[in-house]
Amino acid sequence: MTQTLPPTRGADAIVIRGYRPTDHSACRRLWAELTSEHHRFYPGAEPVPAAAPSAGGEAGGPAGPAEATSGAGFEEYLTRLDLSGMWVAQLADQGVVGFIGLILQGRAGAVDPVVVTAGHRGQGIGRALIAYVAEQARRRNLRELTISPALRNLEAIQRLQRAGFDAVATVTLALDLTDHNGRWRDGIDLHGVRFRY
């Protein structure tokens, strides 16, 4: 199924359609930028594993050597047995500018990842991708749809809340087993307990 959304704010119409093998290079570049975005929020962290929930990443230009390496996680992502579907956002004159995946978790689904090119943020592409996947989840009679943005990505968290993700379903806590404690910030309170993030 393909959905075409009308142009917004001077942008071309957005076409959302199923992932095709010919989208591989574009989606791998998007994955590389998602990994770069993760490193921007968490300097010194390991690359984002294919199984890690993620959201709000940005993607853009051609992949260089570092981006090519960080895009390698996309190959592992494609082999996930719980990957229920992938869709891309395409602009007529610029090709694929975003993609989204739906992971099945029993009777629930998880958005993992949602990635939009840096140059096309703020045009409603991410929101359109999420709305499309939410509709797919409804059609599959899933009971909920979750998404797990990086806690430091305040912009993504705010946008997701406006898109309807207004309930906190789970919290992922980390025990840092390295000597890199400097990468964590102080300042998050949850149920009266202080956490680094």
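Return the only residue of Arg185, Arg194 being touching a residue at least 24 places away in the same chain (Cβ under 8 Å), farther than 30 Å from Arg20 by Cβ and surrounded by fewer than 21 Cβ atoms within 10 Å (Cβ to Cβ).
When all the criteria are applied, what remains is Arg185.
Name the pairs: first residue in the stretch 80-95 and more than 12 Å from Val116 (Cα to Cα) and modelled with pLDDT under 95, second residue assigned to a loop (DSSP other than H, G, I, E, B) and open to solvent by less than 50 Å² (accessible area, probe 1.4 Å), Cβ to Cβ under 7 Å, at least 6 apart or on different chains?
That search, which allows pairs on different chains as well, returns Ala92/Ala13.
So which of Ala55, Ala68, Ala63, Ala50 ends up being in a helix (DSSP H, G or I) and either at pLDDT below 50 or among the aromatic types (Phe, Trp, Tyr) (or both)?
From the options Ala55, Ala68, Ala63, Ala50, the qualifying one is Ala68.
Here is a yes/no grid of residues against (1) small (Gly, Ala, Ser); (2) touching a Phe, Trp or Tyr at 6+ places or on another chain (Cβ under 7 Å); (3) outside any loop (DSSP other than H, G, I, E, B):
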residue	(1), (2), (3)
Arg152	no, yes, no
Gln158	no, no, yes
Gln161	no, no, yes
Phe165	no, no, no
Ala169	yes, no, no
Leu173	no, no, no
Leu177	no, no, no
Gly182	yes, no, yes
Asp189	no, no, yes
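When you check Ala108 against the structure, is it hydrophobic (A, V, I, L, M, F, W, C) and open to solvent by 30 Å² or more (accessible area, probe 1.4 Å), yes or no?
Against the criterion (hydrophobic (A, V, I, L, M, F, W, C) and open to solvent by 30 Å² or more (accessible area, probe 1.4 Å)), Ala108 does not qualify.
The values are calculated or read from the model by the stated rules, or taken from the named source; none is laboratory data. Small disclaimer: the values here were computed from a predicted structure and weren't measured. Here Cβ is always computed from backbone atoms with ideal geometry, including for glycine, and neighbour counts include all displayed protein chains. Just the protein is used for accessible areas: all its heavy atoms, side chains included, with ligands, DNA and RNA removed. Shrake-Rupley method; radii C 1.70, N 1.55, O 1.52, S 1.80 Å.
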